[in-house]
Every structure is written in C-alpha cells, then in structure tokens.
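K.L.:
Could you have a look at this structure, given as structure tokens, before my questions?
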C-alpha cells in the first residue's frame with residue numbers, strides 16, 4: 001500500500017507547473033495538478049500569447065503606413081475593430097487552453113484553492129491530498145500600488161476585458177509590459193502617455209537600447225514622462241486625471257498600471273511547512289528546493305528570471321532533482337525580448353553590468369536600415385546591433401538588438417554563444433541575403 005496519494009502534487013497549471021507535471025508523468029510517477037483558475041496560467045491566458053496577438057494586430061497598422069510606397073492604394077484610412085479582434089483572440093486562447101488540458105492525460109486535475117496542512121498534505125477545497133513531493137508553480141499577479149484612486153486603474157490582465165477601445169491611455173510603468181502595451185494601443189489609434197519612475201524606459205536593458213526605444217515611442221506619437229511617480233488617480237469628465245509626485249498631471253480615458261508582478265502565495269499557508277520568503281518571493285536553493293526538503297518552487301513565485309521558457313526549464317529540472325537526477329539551470333545565456341516594432345532582444349550583460357562586474361570588453365556596434373524600409377518614404381526605421389566582446393579572443397560576451405525579428409535572430413545564436421562563439425567566427429560565416437539577420441555577420 002502506497003504511503004501517499006501521489007508521488008508529486010503540483011500547485012499551479014502555468015508554464016512551470018505543466019512542465020513539471022508532464023515530466024513527472026513521463027517518469028512513471030503518480031501526479032496531480034491543482035488549479036484554482038484557468039489552466040495555462042498567465043502566459044496563455046493573460047500574458048505572452050494574447051499580448052503577442054495584440055502586437056501582430058498592431059503590425060498591420062505599421063505595414064499600412066508604408067503600403068503606398070509599395071504601390072498599394074485605396075486603403076488610406078483602415079479601421080481597427082477591437083471587438084472582432086478580441087473575439088478571435090479569445091477563441092484562439094481558449095483553443096490553446098483546451099489543448100493543454102488534453103495534454104494532461106495521466107495527470108489528475110484538481111480544481112480549487114490549495115493550502116498546506118503539512119509538508120506532505122494539502123487541502124483542495126474540502127478534500128485532503130497527500131504527496132511525497134509538492135511543487136509550487138503559482139506564478140505572480142500584477143502589482144498595484146497603495147495610492148488614492150488606484151481602484152480606477154486597470155492592470156495588465158484587465159485590458160483583455162475591455163469591451164471597447166478608449167480614446168486615450170496613461171500607462172504607468174516603462175518596463176517591457178508598459179512599452180509593449182503603449183505601442184500596441186498607439187497603433188490601434190489611441191493617444192498614449194507613458195509615465196516611468198526611472199530616467200529611461202526598459203530598465204535593465206542596455207542604455208543605448210533604452211535611448212533608441214524611447215525615440216521609437218516618441219516617433220510613434222507616444223508621450224514619455226520619465227523620473228515621475230504616480231501619486232493619485234482622480235475621476236474626471238470623460239476619464240481620469242493622474243497626478244504625479246512633482247505635482248504635474250496627465251489626463252486619459254483609462255489608466256493602466258504596469259509596475260511589475262508579485263507572487264501568488266498569500267493563501268498557501270507556507271508557515272505550516274516552514275517555507276520562507278524574501279521580498280514576497282519563495283526562497284529556493286539552486287535545485288529549486290525550499291527550506292522544507294519535500295517542497296519545491298519554480299517560476300515567477302521565486303526570485304528568478306520571469307520568463308516562460310525559464311519556468312518550463314525550472315519545472316522539468318526540479319522534478320528530475322526530486323526523483324534522483326539532480327539538475328541545475330544555467331541562467332548565463334537566457335535571452336529576453338520586447339515585442340514592439342521593431343523588436344528588442346538581448347542576451348548577456350549590458351555594458352553597464354559588464355563594467356560593474358569588472359569584465360574586460362570592447363564594443364562592436366552597427367546600425368542599418370532594413371530593406372523593407374529602404375524605399376519607404378512614409379516611415380523610417382534604423383536597426384541597431386551591439387556586441388560586447390573580449391579584447392584578445394573576440395569571444396562574444398553579450399548581444400543587444402533593436403531590429404525586425406530580433407527575438408528569432410538572437411535565440412538562434414545562443415547555442416553558439418554558449419560554446420564560445422567569437423566575433424571573428426561570426427564575420428567568417430556566409431549569411432542569407434537579403435535578410436536583416438545578415439547584418440549580424442558584418443559587425444566589426
């Protein structure tokens with residue numbers, strides 16, 4: 001007779017939880033996954049997938065702007081129908097979610113809120129469930145500051161519930177979520193102001209990239225207010241008035257707060273199992289084990305790189321560790337991207353981080369006009385490539401891009417970068433022509 005109901009119980013069915021549960025199932029383990037909301041987590045339902053579809057919709061406006069330069073006529077005033085797009089987006093997200101549920105064959109899906117009794121036992125609604133191991137993959141939710149009038153603001157998930165597009169937005173927060181949403185809604189025809197507490201948008205990216213992104217936003221007609229913090233939101237005729245900490249105000253039909261994310265851990269009763277937190281995140285070791293040896297945690301509820309592929313890798317690695325094949329994640333070459341137009345992507349340290357780490361490096365930079373915009377008169381685009389390399393070996397330390405398809409370009413180089421790719425080797429490679437990617441092969 002088995003001691004526990006399951007070998008593994010996973011709390012949360014987002015990217016990390018699904019990865020962990022499937023990995024354990026494929027190892028022949030008895031697995032259950034607990035979910036109180038919708039299967040798929042943030043990425044499928046309120047994050048990566050729907051926001052990328054919104055970016056795709058916005059790209060049609062960008063292409064329309066230069067279509068006349070390519071001989072097209074009769075489409076000078078195209079109209080975007082938010083409801084038509086929203087229905088199609090919701091249907092597609094639903095189909096992905098249903099596919100993920102179908103992929104849980106051999107895994108018990110338990111609906112409800114999980115709470116610890118001890119390190120092997122949880123309650124799910126009124127049911128008790130026991131397991132040798134528990135993995136927490138509960139993700140995170142948008143942060144909302146405790147300020148007067150904050151109840152009037154939308155967070156990044158609320159935008160998917162909008163029944164109609166407002167005339168204007170104030171987006172509070174200049175990180176990747178705020179920047180993506182700002183450009184998307186501007187392409188849809190809305191007036192947009194971005195308010196950021198930092199002296200630059202995209203905190204954590206290279207400074208030269210930050211400056212270029214700000215210029216792109218301003219060229220799109222987006223107002224950027226930096227070094228400013230939200231103080232208060234008040235109702236006003238036709239919308240809201242946002243007061244900033246310097247006393248200035250901005251007005252808009254809607255306010256979006258995109259100020260980061262906090263872990264979904266309040267209802268788990270972590271104290272019952274001795275799981276500690278730091279700055280609102282679950283504390284784990286390099287194998288994703290908490291201070292309770294049978295409890296693991298992965299993804300956005302821990303202090304990690306908050307990206308879907310990272311959560312997937314962490315979920316699989318944690319399960320392998322549980323069942324006798326310890327595995328650690330190497331975060332050195334994790335790429336990241338911002339899905340704006342053009343895309344922004346990076347892998348490795350920024351120039352500022354490299355200096356802080358005491359690394360010896362040289363810069364190799366290049367700008368170019370993508371062929372698509374070479375004969376365009378109605379719009380322009382300057383793409384940017386920046387390598388940091390070791391002076392003698394020319395080994396690439398990092399790469400920073402602002403270019404069409406930047407995300408695809410950068411991730412395809414990662415395996416070679418992990419093997420010690422040098423700038424000389426890259427320049428000796430024969431690329432595809434004509435392509436945006438070929439510009440990576442001629443930077444000196």
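What follows draws every value from the coordinates through simple rules; no lab data is involved. All values reported here derive from a predicted model rather than from experimental measurement. Virtual Cβ from ideal backbone geometry, glycine too; neighbours counted across all protein chains shown.
K.L.:
Based on the alpha-carbon gyration tensor of the stretch 96-175 and its eigenvalue square roots a ≥ b ≥ c, which shape applies: rounded if a/c is under 1.5, prolate if not and a/b is larger than b/c, or oblate? Walk me through the numbers before you get to the answer.
P.N.:
On the way: a/c = 3.12, a/b = 1.88, b/c = 1.66.
It comes out prolate by the Cα gyration axes.
K.L.:
If we sort 209-218, 223-232, 155-164 on the protection proxy, mean other Cβ atoms within 10 Å, highest first, what's the order? Present the calculation step by step, with values, prior to reporting the outcome.
P.N.:
Working: 209-218: 18.9, 223-232: 16.6, 155-164: 14.6.
So the peptides 209-218, 223-232, 155-164, ranked by packing, come out 209-218, 223-232, 155-164.
K.L.:
By count of other Cβ within 10 Å, fewest leading, how are 54, 306 ordered?
P.N.:
Details: 54 23, 306 17.
With the fewest neighbours first, 54, 306 line up as 306, 54.
K.L.:
Please give the length that would be gained between residue 69 and residue 303 if that part of the chain were fully extended, namely 0.36 nm times their separation in residues minus their C-alpha to C-alpha distance (nm, one decimal). List each step's numbers first, then the result.
P.N.:
Numbers: separation 234, 0.36 × 234 = 84.24 nm, distance 4.80 nm.
Gain in length upon complete extension: 79.4 nm.
K.L.:
So, one more: Roughly how far apart, in whole Å, are the Cα centres of the stretch 324-342 and the stretch 197-232?
P.N.:
Cα centres, the stretch 324-342 to the stretch 197-232: 24 Å.
K.L.:
In a Gaussian network model over the chain where Cα atoms closer than 10 Å are linked, find which of 55, 334, 344 has the largest mean-square fluctuation.
P.N.:
334
K.L.:
Classify the stretch 222-372 from the C-alpha gyration tensor, please: rounded if a/c falls under 1.5, else prolate or oblate depending on whether a/b exceeds b/c. Write down the numbers at each step before the final one.
P.N.:
Details: a/c = 2.38, a/b = 1.29, b/c = 1.85.
In terms of gyration-tensor shape, oblate.
K.L.:
Which of 342, 370, 391 moves most in a GNM of the chain, Cα contacts under 10 Å?
P.N.:
It is 391.
K.L.:
Sort 429-435, 247-253 by the packing proxy (mean of other Cβ within 10 Å over each peptide's residues), most packed first.
P.N.:
247-253, 429-435
K.L.:
Please tell me the relative contact order of the stretch 261-375 in percent, rounded to the nearest whole number, where contacts are Cα pairs under 8 Å and at least six residues apart. Could you put the intermediate results ahead of the total?
P.N.:
Details: 111 pairs, mean separation 16.1, N = 115.
Dividing the mean separation by the residue count of the stretch 261-375 yields 14 percent.
K.L.:
Okay, next question. Which value in deg cm²/dmol, rounded to the nearest 500, describes the helix-derived mean residue ellipticity at 222 nm for the chain, given -39,500 (n - 2.57) per DSSP H run of n ≥ 4 and division by the residue count? The partial results should precede the final answer.
P.N.:
Values: 11 runs with 127 residues, N = 444.
The helix contribution divided over the chain gives -9000 deg cm²/dmol.
K.L.:
Go through (1) 23, 52, 25, 1; (2) 24, 53, 21, 2, 0; (3) 21, 46, 29, 3 and flag the label whose value is the computed P(r) over Cα pairs in 20 Å bins from 0, in percent for this structure.
P.N.:
(1)
K.L.:
How high is the relative contact order of the stretch 336-442, in percent, counting Cα pairs under 8 Å that sit 6 or more residues apart?
P.N.:
Details: 172 pairs, mean separation 30.3, N = 107.
In percent, rounded to a whole number, it is 28.
K.L.:
Using a Förster radius of 25 Å, what is the FRET efficiency between residue 248 and residue 143 based on their Cβ-Cβ separation? Nearest 0.05, please.
P.N.:
0.60
K.L.:
Right, next: With r as the distance between the Cβ atoms of residue 164 and residue 419 and R0 = 51 Å, compute the FRET efficiency 1/(1 + (r/R0)^6) and round to 0.05.
P.N.:
Working: r = 51 Å, r/R0 = 1.00.
E(calc), rounded to 0.05, equals 0.50.
K.L.:
To continue, here is another question. State, as an integer percentage, the relative contact order of the chain based on alpha-carbon contacts under 8 Å between residues 6 or more apart.
P.N.:
Numbers: 876 pairs, mean separation 67.5, N = 444.
Reported as a whole number, the value is 15 percent.
K.L.:
Working from the pairwise distances between different alpha carbons, so that the mean of 1/r is found and then inverted, what is the stretch 150-259's Kirkwood radius in Å?
P.N.:
Numbers: mean 1/r = 0.0725 Å⁻¹.
The answer is 13.8 Å.
K.L.:
Multiply the residue separation of residue 287 and residue 331 by 0.36 nm, subtract the distance between their alpha-carbon atoms, and state the gained length in nm to one decimal. Write down the numbers at each step before the final one.
P.N.:
Numbers: separation 44, 0.36 × 44 = 15.84 nm, distance 1.28 nm.
Between residue 287 and residue 331, full extension yields an extra 14.6 nm.
K.L.:
What is the spin-label model distance, in nm, from residue 98 to residue 207 if the labels are put 7 Å beyond Cα along the C-beta direction?
P.N.:
5.3
K.L.:
Where both partners of a DSSP beta bridge lie in the chain, what percent of those bridges are antiparallel, to the nearest 5?
P.N.:
Working: 46 of 77 bridges.
The antiparallel proportion sits near 60 percent.
K.L.:
Which order do the peptides 311-318, 186-193 come out in when sorted by mean C-beta neighbours inside 10 angstrom, highest first?
P.N.:
Working: 311-318: 26.0, 186-193: 18.9.
Answer by packing, highest mean first, reads 311-318, 186-193.
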